[in-house]
Structure formats: structure tokens, C-alpha cells
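For reference, the structure discussed in these notes is given below.
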Amino acid sequence: MPTPLRRSGLPLPLAWRVYAAFFLYAFAIGGIFPRLPEIQRGLGVAEGAFGLALIGTACGTMVSLTFAGPWLERLGHRRALLGLSALLPVFYAIAAHARTPTAFFLLLVPAGLCIGAIEVVVNLEADRVEHQTGRRFMNRAHAFWSVGFFVAGLLGAALSQVGVSPQWHLALVVPLEAAGLALLLGRFDAAPHRAATSGAPAARFARPTGGVMLLVATALSAMVLEGAGADWSAIYMRDVFGAAPFLAGAAVATGAAAQAITRFFADGFVEKHQPVVVARVLLGVLGCGTLLVFAAPTAWAALLGFALMGVGTSAIFPLAMSAAAQRTDRAPATNVAALAQISFVAFLLGPPLLGLVAQGFGIRWAFGVGLPLVGLSLVAAGALRRR
């Protein structure tokens, strides 16, 4: 007999359930980023101390990505996705009440634990449904992640402009996320394992292999600079140009919107031009956008730079995830977790550490130091052809 949760869910096609999972995952994460300038001001700390406090999320994510594989297989993807996606905005809402950087750090750790586990689930589900349907849509799935992040960023920017506190805003996200889960994922069921690897157990520790490390190097600049845009773009706009709350928050949404639009069309380009070619073109765009943000003379030039950064970061990580999931040297869950635990923690750990750079050399350098990473990724991008 169907449960009330299943009865409340819409009968979506397989691919659209994956899209919904990515959207709701990002919506749960994205609300806090446009409110970081206000949270920083409330804590009364400079960029360096605030960046170190933000590492709480990365610490939880690292633990979860490293050890969650076997636990997720036992729990099941449905229960893990629905339960953890509902808890994630709760932890962010609680963290917004922190009164010291140490408390903020500790309260972000549970959010990171949720993020790591959800990251493994949604990427494995996307790969398995790709295999089941015979259609490539990993980049489109990540486009819905960007759409969710964009919607969350735009909502946060609007509420900030009208004076709603971060605490009330993030509390509002909790019921919105729960309603979205019930409506869009109430009938979600885990896709079957790939036939070639269904019997392979996931490793207890997701140790990165040499092949996975090449994929890490390919995705590193995109992850760090995507995270830098999320963590520091609103603060950058406030500090460099004295931007109003809405314009500062819109910097977060601008990058996410450009990223989403590019991801919607990326799969067709990958099929036509091959992953390596697409990755190197996008890395070139990423380098141009980062340089523009670093040297922007006006707020509108900076917004264009953030948009180019969104385009440049759009498909690099999804391409690396697809390559990791298709490796046959060990269980796909282990390879996905190994790539995610380094690349995704770079998204969360690198940008907070850039706060120390911003405090010592100015907020522009929080983006300028990413340019050498773009060069590294250009060199390593050839790993994407080794499927």
C-alpha cells in the first residue's frame, strides 16, 4: 500500500526525478551564501577568521564522502536522499544563530555530513539512470543543481534587500524544502546498479587512485573558483564597490544562472566535440572570467566576470564525475566518492582558506590566486578521454 509520502509525489519520469533531486539539493545549500556578508558582520570578524569558520562544512563533507559509501548502500538511496535533504536546511538554519566563529564552525559540520552523502547519491543516480535509459544527461542534471542554487541565491538577495534577517530566511527554507521533497521526490526509487558492477562492494575508505587524481586535477580549478564565487562574491561586491544587498546577493545568482544555462546545452556539445575539447574551451572561459573579476573596474564588469566564471565551471565537474563513475577498476560508488571527497571538499575548503588571502592582500586576490589552478586543469584535462 502506498505511503502518504508516495501518494503526495508527482509521477515524474526517471530523468526528471534525478533533475528534481539535484535542484532540491542545491536549493537546500544555496540559501546561506547570499547572507554570508550579514552573518560575517553579525559575528564581528574579518575575512580570515570568517573563512576558517566556514571550513566546518568542508570538515563534515570530507568525513561523509570518505566513509559514506557502504552506509549508503545499506540504508538505501531513497531513504538517504529524502532524509538528508530534509535535514540539510535545518542545520543551516541552526548555524545562522551562532554567536562566535567557533560555534559557527561546529554548527556547520552536520550540514557538511549531509552534503557529502547527498553528493554521492545524486551523482550515482544520474549515472545509473543514464545507463538505464541510454541517454547522456549528467550535465543537464547538474544544470538543475545550478538552477536550484540560482533560485536560492535570488530568494536570499531579495529577502536581504527588504530587511528579512538571515535567521528567518534560512528557517523559511526548511518547510519549502520539505514541500519540494514531498511533491517532486515522493515517488522516487533508487535506480538499479550498472549490470557490470552490481556485485562489486563499495570500499570502506574511498582511497583516490592515480586515475582519479588526474580527474581531480582536471576539476580542481572549477571547484575552487565555483566555491570562491559562492563564498566571496557577495562580500566582494560589498567591499569593493559598496553594492546594495540585492546587487551583492545577485552576484551569487548570476554565476549560478550562467552555469545552469551552459549545463542545459553541454551534453550535446560533449557528444559532438568530445569531453577533452569541451573541457579545455570551458577552462579558457573560466580563466577569462576570473581575470575580469580580479581586475574589474566597475560592479557591472564584475558581474560579467562572475557570469563567465559560471560558464567556465559549468561542465568540468560533471564530466569528471561521469568519467569516475564509468571506471571499472573498482566499485563505481568508491570511485565517485574518491573524486567527490577531494574535488567537492576543494569547493568547500579552498574558498574559506581564500579568506586568509583576502584579509592579507585584498578581496580581489581571493579570485586572482585561482588563475594558476586554471593552467593546471588545462594540462590535466586529457584524463577525460580515458573512459
*Specify the residue with the greatest mean-square fluctuation among 368, 287, 116, computed from a Gaussian network of the chain linking alpha-carbon atoms under 10 Å apart.*
368
*Which distance in nm do the two modelled labels at residue 136 and residue 16 give, with both placed 7 Å along the Cα-to-Cβ direction?*
2.5 nm
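With helices defined as uninterrupted DSSP H runs, which ones in the chain have an alpha carbon span along their own long axis of at least 18 Å and mean Kyte-Doolittle hydropathy of at least -0.5? Please list the in-between numbers first.
Working: long enough: 14-30 (24 Å, 1.49); 47-75 (41 Å, 0.90); 77-95 (26 Å, 1.13); 101-133 (47 Å, 0.92); 138-161 (35 Å, 0.86); 166-185 (27 Å, 1.38); 210-241 (43 Å, 1.08); 245-273 (42 Å, 0.61); 275-295 (30 Å, 2.15); 299-313 (21 Å, 1.65); 332-361 (42 Å, 1.37).
Both cut-offs are met by 14-30, 47-75, 77-95, 101-133, 138-161, 166-185, 210-241, 245-273, 275-295, 299-313, 332-361.
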*Distance in nm between label sites at residue 164 and residue 288, each 7 Å beyond Cα in the beta-carbon direction?*
3.7 nm
*asked:* Could you report the accessible area of residue 189 in Å², rounded to 10, computed with a 1.4 Å probe on the protein chains as they sit in the structure?
replied: 70 Å²
*What length, rounded to one decimal in nm, is gained on full extension from residue 273 through to residue 100, with 0.36 nm per residue of separation minus their alpha-carbon distance?*
57.3 nm
*Which of rounded, prolate, oblate describes the stretch 156-299, given a ≥ b ≥ c as roots of the alpha-carbon gyration tensor eigenvalues and a/c under 1.5 marking rounded, otherwise prolate only if a/b is larger than b/c?*
oblate
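Could you sort 59, 114 by their accessible area in this structure, using a 1.4 Å probe and putting the largest first?
Numbers: 59 55, 114 5 Å².
Correct descending sequence by accessible area is 59, 114.
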*asked:* Show me, bin by bin at 20 Å from 0, the whole-percent P(r) of the chain based on Cα pairs.
replied: 31, 61, 8, 0
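So what is the relative contact order of the chain, in percent, for Cα pairs below 8 Å that sit 6 or more residues apart?
27 percent
The values are calculated or read from the model by the stated rules, or taken from the named source; none is laboratory data. Bear in mind that the values here come from a model prediction, so they are computed numbers and not experimental data. Quick reminder, even Gly has a Cβ in these numbers, built from the backbone with ideal geometry, and neighbours come from all protein chains shown. Accessible surface areas use protein heavy atoms only, side chains included; no ligands, DNA or RNA. Shrake-Rupley method; radii C 1.70, N 1.55, O 1.52, S 1.80 Å.
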